[in-house]
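The values are calculated or read from the model by the stated rules, or taken from the named source; none is laboratory data. Bear in mind the structure is a predicted one, so any value in this text is a computation, not a measurement. Note that we place each Cβ from the backbone using ideal geometry, even for glycine, and neighbour counts take in every protein chain shown.
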Protein chains: 2
Amino acid sequence: MSEKVDITILDSTEESFDERLSELLAWDEVSDKSVQETVTGILADVKSRGDDAVMAYTEKFDRVSVTSASQLELDRDSLQGALESLEQSVKEALIIAADRIRSYHEKQVQESWQYKDDQGTVLGQKVTPMDRVGIYVPGGKAAYPSSVLMNAIPAKVAGVAEVIMVVPTPGGQVNQMVLAAAALSGVDRVFTIGGAQAVAALAYGTDTVPAVDKIVGPGNIYVATAKREVFGTVGIDMIAGPSEILVLCDGKTNPDWIAMDLFSQAEHDEDAQSILVSPDEQFIEAVKESIERLLPTMERAEIIRKSIVNRAALIKTPDMKSAVAISNRIAPEHLELSVDEPEKLLPEIRHAGAIFMGRYTAEALGDYCAGPNHVLPTSGTARFSSPLGVYDFQKRSSIINFSDVGASEMGKIASILARGEGLTAHALSAEYRVKQDG
Amino acid sequence: MSEKVDITILDSTEESFDERLSELLAWDEVSDKSVQETVTGILADVKSRGDDAVMAYTEKFDRVSVTSASQLELDRDSLQGALESLEQSVKEALIIAADRIRSYHEKQVQESWQYKDDQGTVLGQKVTPMDRVGIYVPGGKAAYPSSVLMNAIPAKVAGVAEVIMVVPTPGGQVNQMVLAAAALSGVDRVFTIGGAQAVAALAYGTDTVPAVDKIVGPGNIYVATAKREVFGTVGIDMIAGPSEILVLCDGKTNPDWIAMDLFSQAEHDEDAQSILVSPDEQFIEAVKESIERLLPTMERAEIIRKSIVNRAALIKTPDMKSAVAISNRIAPEHLELSVDEPEKLLPEIRHAGAIFMGRYTAEALGDYCAGPNHVLPTSGTARFSSPLGVYDFQKRSSIINFSDVGASEMGKIASILARGEGLTAHALSAEYRVKQDG
């Protein structure tokens, strides 16, 4: 049953390794001029014509025709109904996942704080949730209920008053699990629209769809391009690249487990990237064997094969230390530490979206129900960004409340520095508050 | 001495108010195609030719010619020397400001956390500083030492190992206060380069300038455009619009103080926006009188006049409650609560970059030495973004460490949900860890 799979095998001690790794990791977002122009047109049209434009594009792209934009909204009952309609085991699984995600994210809530300095001046930081947030959920086959939980729950935990979900229903096709997840997450309103027109409606507002402060959630190239364009008018989350996993293994995990962990990444799409790094050459051989034996049995074998052949690698290193260095260089979205004492490696890990520790922690658990978010920085952006979290739906305001004494003392300092910068109105504004007898 | 100033006066109860306010607030970043093309060319050139391109553009734009790129680096001694060369009062003021900024930002440091659930599974969040950060500092006259403190200190407090500053020196002109601020902030390396070529060098790295993980700091339209383009390769901070202040006043502050507070915003540049909102009509008249009397005495009267005439407004409201509602709609960068008991208004304030409480808290104090950051969200983006802070230089990784029991229990849940989404490799990867006897 086994078939030969042409997977890249690298040795980190070879001279050409750095270059070959760079080639393997190279990823450029396709920036298509025609996509750009289409999106710019749709955004401008929705901005000026509002609901009429949204209805027209929904008819054109999703083949859903309505006479009034309000028909594009789903009522609360249909969400709750979707939840009740699920098979009991699926419903229970969704509820358990939602509970675990909520309970983890509650730990991320940031609180306001203040303190008084010795001149009686109060300084602090006020934390406020955003007023209204939009969540984009892809339609059709790629509609993932887990994605609804991961985007909506942090927003509600942050205290966002109104979470608006948009999800296209191409040809009228509604995904009951997605609606059930929306009900469980506390989504406030759902509109069955998608594409750049949905992003535009959320960013600018229409008579029917209220304007939001931030738009999050995954989407195709039109959605991603639209989000990039409305950034500034509203906040957006990261523009995600293809999903990736890096497994660091000491060679003592069942190679079938590791092969399946790599597959679970590869099955997302052909551009997904799966990398194993291990100091154990025989283990690398064993995983390759598992890959070749298991691949033909997989439902999504075609996608997995393309992803493995084009984007995967099994990397042999002299030791665990070099393996960790490679991981830090790659800054993977998902990092599995499939070793005996993962705690010992943890302090050395500098960049990763999520770290899955120990042989039992399959990355797939994190996708659904571990608790932490599955929206993670891709393509090396874990060097400077974080998982989606409650902090993405809260913002801070600085608090400054000077006592008269403090204003007088600090006014002198501000005055000197403002004059040093040639800003005399700044200086005078501060000097007015300096005590004349001081 | 008084001169008539044609400042906009609005009444929030008038029917046309909403529309007039929207017009006043309207701000579109100038998106110039020729700027875009120039920047794209410079970025590509620096990416491919490295130091040679950086040297060529530095000669072209800054009229600084060097034979080796290493000559574009300032050594540590010249930074320390700049600090020692300052007048004693200026040096002391910079030191006091740096100390206060450091001590406020130390309160923002986020710590890693972990907890164990009742199945013995460890979940948590690991907080790590970025490895290397670039700070852009504009050259020439607009070089502000306070901006160096505000950008570099949070990065160092976050624990960033290497802070790289770039500052152009047009015609060889070096600003000693800027270098002194770099010395005080703990900047690690300084390169005298600017423009899109400096952004490119930081984003891609050259033989001389190391690649960074994030680029922060203000710059002209070329710098802003370049930052937008390299976003994704590196992190960036917000692209700032013109600076704004909104003063809420009960009418009992000295009108000269308020006029000067408005001027301190207006003197930044002609596009800066200064707004007073007050329920006291006579006070609004008094502030107008102060503006007309004080304006001719100002050093930067020309800039202030243009800003006040084109972008400012004095807004009369029926009461303080409507004044707060207008402030929340505007979501100002700087908000002064010039009232008796500002604490009482604070819970009603939903969106603002920084809140300056009480009659003594001039906004200018916050620009230099109050402690909180002066890099704040502009143009209404305080609805969804925060002041620059330590959190902008730290990032988070999720921690997941399943016990064998936890992996078995949650594996069943993940399997159900993965199969619901049609992702069978995910399901199998989880199922491998489910105990067969369970």
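Overview of values
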{"quantity": "Failed condition for A:S103, given (1) modelled with pLDDT of 95 or more; (2) outside any strand (DSSP E or B); (3) under 24 Å from A:L202 (Cα atoms)", "calculated": "(3)"}
{"quantity": "Helices (runs of 4 or more DSSP H) completely within the range B:1-82 that count 1 or more residues being outside the structural domain of B:M320 (by TED's automatic domain parsing)", "calculated": "B:33-49, B:51-62"}
{"quantity": "Residue match in the range B:126-146 (condition: in contact with a Gly (Cβ under 6 Å, 6 or more places away or on another chain), more than 8 Å from chain A (Cβ to nearest Cβ) and part of a helix (DSSP H, G or I))", "calculated": "no"}
{"quantity": "B:V230 of a type in the set (V, I, T), under 17 Å from B:Q197 (Cα atoms), away from chain A (no Cβ under 13 Å) and in contact (Cβ under 8 Å) with a residue 40 or more places away in the chain", "calculated": "no"}
{"quantity": "Test result for A:P218, under 30 Å from A:D52 (Cβ atoms), touching a strand residue (DSSP E or B) at 6+ places or on another chain (Cβ under 9 Å) and either part of a loop (DSSP other than H, G, I, E, B) or of a type outside the set (K, R) (or both)", "calculated": "yes"}
{"quantity": "Residue satisfying condition, being of a type in the set (D, E) and surrounded by 16 or more Cβ atoms within 10 Å (Cβ to Cβ), within set B:D99, B:D32, B:D45", "calculated": "B:D45"}
{"quantity": "Some residue of the range A:343-352 being facing another protein chain (nearest Cβ under 8 Å) and of a type in the set (K, R)", "calculated": "yes"}
{"quantity": "Test: A:S322 is assigned by TED's automatic domain parsing to the domain that holds A:T13, part of a helix (DSSP H, G or I) and over 22 Å from B:A427 (Cα atoms)", "calculated": "yes"}
{"quantity": "Filtered residues of the range A:150-184 (kept if within 23 Å of A:A203 (Cβ to Cβ), out of contact with any Gly (no Cβ under 8 Å at 6 or more places or on another chain) and away from chain B (no Cβ under 14 Å))", "calculated": "A:A182"}
{"quantity": "Pairs with Cβ under 9 Å, 6+ apart, first in the range A:404-421 and facing chain B (nearest Cβ under 7 Å), second β-branched (V, I, T) and buried (at least 22 other Cβ atoms within 10 Å of the Cβ)", "calculated": "A:A407/A:T121; A:A407/B:T361; A:M410/A:T121"}
{"quantity": "Criterion (buried (at least 22 other Cβ atoms within 10 Å of the Cβ) and either more than 9 Å from chain A (Cβ to nearest Cβ) or more than 20 Å from the chain's Cα centre (by Cα) (or both)) met by exactly one of B:P332, B:P377", "calculated": "B:P332"}
{"quantity": "B:L345, sole failed condition from (1) within 30 Å of A:V230 (Cβ to Cβ); (2) in contact (Cβ under 8 Å) with a residue 60 or more places away in the chain; (3) of a type in the set (A, V, I, L, M, F, W, C)", "calculated": "(1)"}
{"quantity": "So B:E267, is it crowded, with 18+ Cβ neighbours inside 10 Å, of a type in the set (D, E) and more than 13 Å from every other protein chain (Cβ to nearest Cβ)", "calculated": "no"}
{"quantity": "Qualifying residue in the range A:305-315 (condition: within 26 Å of B:G420 (Cβ to Cβ) and facing chain B (nearest Cβ under 8 Å))", "calculated": "no"}
